[in-house]
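Below: the structure, in structure tokens.
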Amino acid sequence: MLKLQEKMTLLLPSVPSTQPQANLLMPMLIVLMALELLVPTVAAAPVALPGCPEACGSVTVPYPFGFRQGCFHKGFNLTCNETGHQPKLFLHDDVEVDAISLVGGTVRVQSKIVNGEWDYRDVPYQALNRNRSVLSGKPYIGYAGSWSGGLTVSTEHNVFVAIGCNFIGYLAAGSDRGSVYVSACATLCDTDYPPPGDTSCSGVGCCRTTISQGLPAYGVQLKDLNQTEAAYAGKGKPISSRLLSGAAFIVDREWFTGINVGAMQNSTFGDFGSPYRSRRSSPKVTRVPTVLEWWLDVKSDRDLVVLDPHSVSGWRCMSLNSFAANIGGAVNKVRCNCSDGYEGNPYIIHGCQGNTTLPSA
């Protein structure tokens, strides 16, 4: 095999000229042309099925997701609302999709904030009825809706946040035995409220904590820390007038930093320069980004996976040069990726394409 330098020498003819500049320019042009010939061209890896749109507005929609008939796998249908100035992608009517990741197996959505005012006597019980499922209680944070695929809140990418004064915020999972708490944190304002621009969210007026269990929906419960007669002795107000005002939400931990923390506190507390209002208007910020995780079920999504005895999970996906990894130790849950040196969509036949590289000399 000729070395690259020797190939260049063969491609560079002797061009006689009485003009030195012309003698230098011609070999340089030939070198550039030769390099272009040596770089292989690789077709762009497919994102969606043939003939299907690859995006809704600014959001890329890779298969198995899709929003037109014949463009999505069963259980992965989305809605693209194209009636506005900018098309928007929805998980269902109330949950907007910001981004979909094949590699990470995530969907980033805009989820609602649970906020409002609760009477002192109702706070511990109003949010979640222990005799019903999570979805039957109010308020709740949920992403199930009309979605039929596997989808849960990512415990890796999100935190649970509560903003307000002197209450404990709980996330609860429903079960046949009632509710089970999967996350909780306390937010206190004993002597003062967070100063303007505060971005710590470390327990004074704002708290955050991890989520122990990823679920498609949660009940939300806010428990007043001052729910005794003694706490209101000498206050000059009847205990029945006590109103708990606050907000709770699940949010992308990478987003909930810096100025975004301050913005969420400002939205909940209102004007920091005035006394905390027991009755307040709704927060200006009504949605926050939340990361959900998705996967394939080897039974219901059997037409997207292929038995592969050489794979650790025993499966690979539709494309050659792909592999399927088990999720959370569950043998029936897998997520696909292209093998090392390949990129693209492993859920499509020939979807994983080799990387573009210069040939070795």
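Here the Karplus curve 6.51 cos²θ - 1.76 cosθ + 1.60, taken at θ = phi - 60°, turns the phi angles of the range 201-211 into couplings of 6, 10, x, 8, x, 7, 9, 9, 7, 6, 10 Hz, with x standing for Gly and Pro. By the Stokes-Einstein formula, at 1.002 mPa s and 20 °C, the range 298-351 with its Kirkwood radius over alpha-carbon pairs has D equal to 197 µm²/s. Phi angles of the range 253-261 translate, via the Karplus equation with coefficients 6.51, -1.76, 1.60 and θ = phi - 60°, into HN-Hα couplings of 4, 6, 7, 7, 9, x, 5, 5, 5 Hz per residue; Gly and Pro are given as x. Taken one residue at a time, the phi angles of the range 158-166 give Karplus couplings (6.51, -1.76, 1.60, θ = phi - 60°) of 10, 10, 9, 10, 10, 10, x, 10, 6 Hz. Gly and Pro are set to x. Database remark: amide H of S111 closer than 5 angstrom to the amide H of V288, T290 (H placed geometrically; neighbours at sequence offset of 5 or more, or on other chains; Pro and chain starts carry no H).
Less than 5 angstrom separates the built amide H of W315 from those of D308, A324, all sequence-distant by 5 or more or on a different chain. Close amide-amide hydrogen proximity is noted between T152 and E293, each under 5 Å apart and 5 or more residues distant or on a separate chain (H modeled in the peptide plane; Pro and chain starts excluded).
Read-outs throughout are calculated quantities, based only on the coordinates presented, and are distinct from any laboratory measurement. The model shown is predicted, which means the values in this text are computed figures rather than measured ones.
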